[in-house]
Structure formats: structure tokens, C-alpha cells
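In what follows, a single structure is set out as C-alpha cells and then discussed.
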Amino acid sequence: MTTKNTTRAQALKAEPKSRTTARTSATTSATAGTATRRKAAEKSGEHVYDTLIIGAGFAGLGTAIKLREAGVHNIAILERAAEVGGTWRDNQYPGAACDIPSNLYSFSFAPNPNWSRSYSGSKEILGYVHSLVNDFGLGSLIQYQQNVSRVEFEEAQGIWMIHTDNGKVWKGKAVIMASGPLANASFPNIRGLENYKGKKIHSAQWDHEYDFTGKRVAVIGTGASAIQIIPELVKKVDVLKVFQRTPAWVMPRPDFSTSDLSKKVFAKLPFTQKAVREALYWAHESMALAVIWSSPVTRLGERLGQAFLKSQVPDPWMRRQLKPDYKLGCKRILVSNDYYPALQKENCELITWPIANIVEKGIRTSEGIEHRVDCIVFATGFDVPKSGTPYPILGVGGRELAKEWQRGAQAYKSINVSGYPNLYIMFGPNSGPGHNSALVYMEQQIAYAVKGIRTILDSNLKMLDVKPDVQAKHNANIQKRLAKTNWNSGCKSWYLTEDGFNATMFPGFATQYAAQMGLFDLKAYRQVPVEVNA
């Protein structure tokens, strides 16, 4: 982190200048008394925070930083684990890395001049997350091992109550749901899964103590995690069997180590790193023309993918097995230089027969062959909340968000839901990018949430609730636009619900998403002031 960021972080921890200059010994004593009363109130559960944040990953920490910049200091961050980091804390499997360049997969307000590579690994990204906590002084805000079990709105007072597994109830005027869509590991619904007697490992729950040396191992899945795991496992195991359901579009990954000179230049001349970030942003923004909509650029991208496949896989039969039969962009595009070579190693076998069931000693495919293995690695992704919620969320009148989202999640501008006032959802419905950095979108969501929370506090509102007709109109427009995208072109992906509803992706450029989130229209909300007793 740069000196500029450290200075800003120190400023966030300092009191406003007007209070500092006006301080006297009497007010110092009063402040100490207030602090004591607040601690007592927190302990008894009576304290009401201005904002409660669920999750200490990128979204939760970034929101806390920006709230404090906006003068909101009465904050608590509830983290279910004993460490910050979110998905980057959980995903520490061999080869784990981001598929967006590091200079773009980081906050614009907290640049890191010391990235070691173009595409950094998960350990380095987790280190960056820890640096956010340290450089911006967020440690005192984080409450660890607070696993949320229920969130409910107390309408009379306009207070959200968050219940955690340890029996504690946290109260806040506003809530930021920053637990993220990639938080809960998902095992596939395969018959006989419980019968397997060997070792089972999920990519997001990696067992670093397990020794793969000389083992017979199966990998189920060929998505973003699998293509990073497979090249690492094939170096250690005796036999690796890769079970592919659907081949993916795979593109080359321009990954290079960062020179010491570049790091020094970025540190001393921050505008140079900003220029690199801008260039990366616009390069990825242009990819929308290939990824989101079917266009001549899409067909150009498909030819590039086919040429890359042909250059790395000389065998025509294997190329046929690995060639996608759907439009570029319909599923997530993968980037890797070593996935295809790994599949061609002598100890690796690509299996494209569907899995019939899992048996005691391995996996049986539909043609009747039983593949016996010592360990099954499930690179099967996450339980992304396209419908339902990760925990019960009860709004006005006891309404339950999971029931309202049964047929597909919907929100206003991806962040607010009618009937759930003062609640802000990071990476909510239809906020997913298919071509650019998730953190670019996240910064827009954070800025929008900060505007909403400042409005609640400045106007002394009990409720700031988006109007149902406004939300319905917004979502009708989103779904109309999605109908014309590659995501909705017919393939089955984690972007869609079982019946084909796209609750995940945003149908446009990142610049369009920024324009959407840049406008905070109070007329779209029902405003209920706090009742002041005469």
C-alpha cells in the first residue's frame, strides 16, 4: 500500500478537526463516559449501530472504509470466520489465482504497487485484503466468529436485528449484506455421494494436510477452479481422472512476473499505475462486445479460442471433446496456459461420459465403467443465491425474502429490495460482470450504499424503502435487455435458475452499470421519518 493510502487511513481513524479543537478537559471526561456507556450497551445488546456489515471480504471492508470517509463511524463488521478475506480466505487450493489482472482486481482507492504478477495468486490477494484492514485501521470494527443465523426488521423502531449462532443479537439502523455470492461451497447433487469411502475435498475447503503423492484422484468439474487445480495435481498424483460435463471456452492468459523497476515506478509515481489500470479497464470493457451480445466480435473471439485449442491440443479427437458447442460468453470464459497441456499428460485421463452415480470406491459413469479412486476433488463451485437467501431475512410485516425470491432474485439496481428498508445487498441480483473486474462494479455499489445510509442518518429516517412499482419497472427492463444477451442464448450455466431466469448478470458495459448506480433518486424511495415524541 502507498504512503498516500496510509495517510488517508490515519485520517479516518482521527476525530473530525472541529471536535478536536473544541475539546476541553470536561469534554474529554464526558467522551470517556460515553465510551464506557457504549461498551456496556454493546455487551448488553442495547447498542444500536448506524450500520452493521455482514462479511469481512472485499465488499465489507471496502464499504467500511467508504462509510468512515463519509463520516459514519458507528459501525460493526460481523465475520463468521476467525479471519478476514471471504472467498480468498476459503479458496487456497493449489494454483488458486484470479482471472482478472491484479491492477484491476483491487480497489482504485487503495492501489498496491507491489503485485508480483499480472495475475496474482490467492495468497497474495488475501495479503492485500489483510493490508486493507491494517492500513485503514479496520481491526477494531470486526467481530469474528459471528455466523449470521437470521436477519429481521423491527418495524416500530426501524431497526434491523441480526441474530448469530452464539445467541447474540446485533442491532443496526442499516445493514450491508456483504457475504458475497461465492461464499458457500456447493457439492453436486450426484446419487450415492454419501456412499463413497475415500477422501472427499471441495476446492473451497481444501485439505492441505492430505498427501496426493502416488494417489489415484478424480476431479469433478472443469470450470474456473478446476482448470487451476488440474495442472497442479497432475504433477503429484499417480493417476488423475478429469470428469467433464461441458467443455468451456478457454483463452490464453498473459501472465508475467512484475519487475522490481515497475514496482518502484508505481510506488513513486502513482499516476503510472493508475494509467495501467485505466488501460486494463478499457481493454476489458471492449470485451463486452464479444461476451455479452452476439456480434462479429463474438465470432472473432470464438476463432481465437478455437485457434488456441488447436495450438495446444494436436489430437483431433481430444480437440473435439474439448470444443464448446455454445456461444462464447454463454458460460464463464476461462483463462489458462497450462490446462490443455495438463490434460495430455500420460497420467491424466479426460472422461466425458456422464456420471451415473458415486459408489463406495469411486465413480460409475453411464456406460457402466467404475473408476476407482483414492480421492475425489469437487471443483463444483458455489451455491450462488439466484433464488432464496443464505439465511432467513425478514422484512416489513414479517415478509420473508427467500419466499419472494423463490422464482428468481430481484432487486432495485441490484442493491435494494422493496419491503426490506435500509438493507443494502452487495453483489445482489443482476450485478454480475461477465467481462470486467468485479471490484469495478463493487465500488459503484459501495458508493450507492453510502449515499443511502448518509440519507437515512442526515434526514433522521426510520425507513428508506424502494417503491415496489419502481423495482418492478427496473427489473422488467433488466430482463428485457438480458433476453438479447449470450447468457440467455440457451446453454445451462450457474448464471441461470433451473427454469432459465437470469438473476445474476448485468446486461451491459461496466460504464452503463456505473451510470445506473451513479444516480441516487430519492423519489424512487418511500421515506418514513423517525417519530419524535412531543
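The values are calculated or read from the model by the stated rules, or taken from the named source; none is laboratory data. Quick caveat, the model's predicted, so the values are computed rather than measured. Note that we place each Cβ from the backbone using ideal geometry, even for glycine, and neighbour counts take in every protein chain shown. These accessible areas exclude ligands, DNA and RNA; they are computed on the full protein's heavy atoms, side chains included. Shrake-Rupley method; radii C 1.70, N 1.55, O 1.52, S 1.80 Å.
Considering the range 142-151, the residues that are open to solvent by 30 Å² or more (accessible area, probe 1.4 Å) and farther than 12 Å from ALA56 by Cβ include one that is nearest to the chain's Cα centre (by Cα), namely ASN147.
So that you can scan it fast, the table gives a plain yes or no per residue for (1) more than 30 Å from HIS73 (Cα to Cα); (2) surrounded by fewer than 17 Cβ atoms within 10 Å (Cβ to Cβ); (3) at pLDDT 95 or above:
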{"residue": "SER140", "(1), (2), (3)": "no, yes, yes"}
{"residue": "PHE153", "(1), (2), (3)": "no, no, yes"}
{"residue": "GLY158", "(1), (2), (3)": "no, no, yes"}
{"residue": "MET161", "(1), (2), (3)": "no, no, yes"}
{"residue": "VAL169", "(1), (2), (3)": "no, yes, yes"}
{"residue": "GLY172", "(1), (2), (3)": "no, no, yes"}
{"residue": "ALA185", "(1), (2), (3)": "yes, yes, no"}
{"residue": "GLU194", "(1), (2), (3)": "yes, yes, no"}
{"residue": "ASP211", "(1), (2), (3)": "yes, yes, yes"}
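Can we say TRP317 is more than 26 Å from ALA97 (Cα to Cα), open to solvent by 60 Å² or more (accessible area, probe 1.4 Å) and touching a Phe, Trp or Tyr at 6+ places or on another chain (Cβ under 9 Å)? So TRP317 does not fit the description; no.
Per the conditions (1) crowded, with 22+ Cβ neighbours inside 10 Å; (2) on the phi > 0 side of the Ramachandran plot, the sole criterion not satisfied by GLY419 is (1). Residue under question is GLN228, and the condition is that it be under 19 Å from PRO101 (Cα atoms), among the polar types (S, T, N, Q) and in a helix (DSSP H, G or I); does it hold? Yes, satisfied.
A single member of ARG481, ARG407, ARG454 is in contact with a Leu (Cβ under 9 Å, 6 or more places away or on another chain), of a type outside the set (Phe, Trp, Tyr) and open to solvent by 20 Å² or more (accessible area, probe 1.4 Å), and it is ARG454.
Against the test of being hydroxyl-bearing (Ser, Thr, Tyr), within 23 Å of LYS235 (Cα to Cα) and touching a Lys or Arg at 6+ places or on another chain (Cβ under 9 Å), the options THR352, THR380 yield a single qualifying residue, THR352. Looking only at the range 362-387, count every residue that is modelled with pLDDT under 95, part of a loop (DSSP other than H, G, I, E, B) and surrounded by 15 or more Cβ atoms within 10 Å (Cβ to Cβ) and tell me the total. The number of residues fulfilling the criteria is 8.
Name the residues in the range 429-472 that are of a type in the set (D, E, K, R) and within 14 Å of the chain's Cα centre (by Cα), would you?
Once the filter is applied, which keeps residues that are of a type in the set (D, E, K, R) and within 14 Å of the chain's Cα centre (by Cα), the range 429-472 yields only GLU443.
Evaluate the following for LYS473: is it at negative phi and modelled with pLDDT of 95 or more? Yes, satisfied.
The residue list SER431, SER489, SER493 contains one member that is hydroxyl-bearing (Ser, Thr, Tyr) and open to solvent by less than 10 Å² (accessible area, probe 1.4 Å), which is SER431.
Within the range 457-478, the set of residues being buried (at least 17 other Cβ atoms within 10 Å of the Cβ), touching a Gly at 6+ places or on another chain (Cβ under 8 Å) and closer than 19 Å to TRP405 by Cβ comprises ASP465 only.
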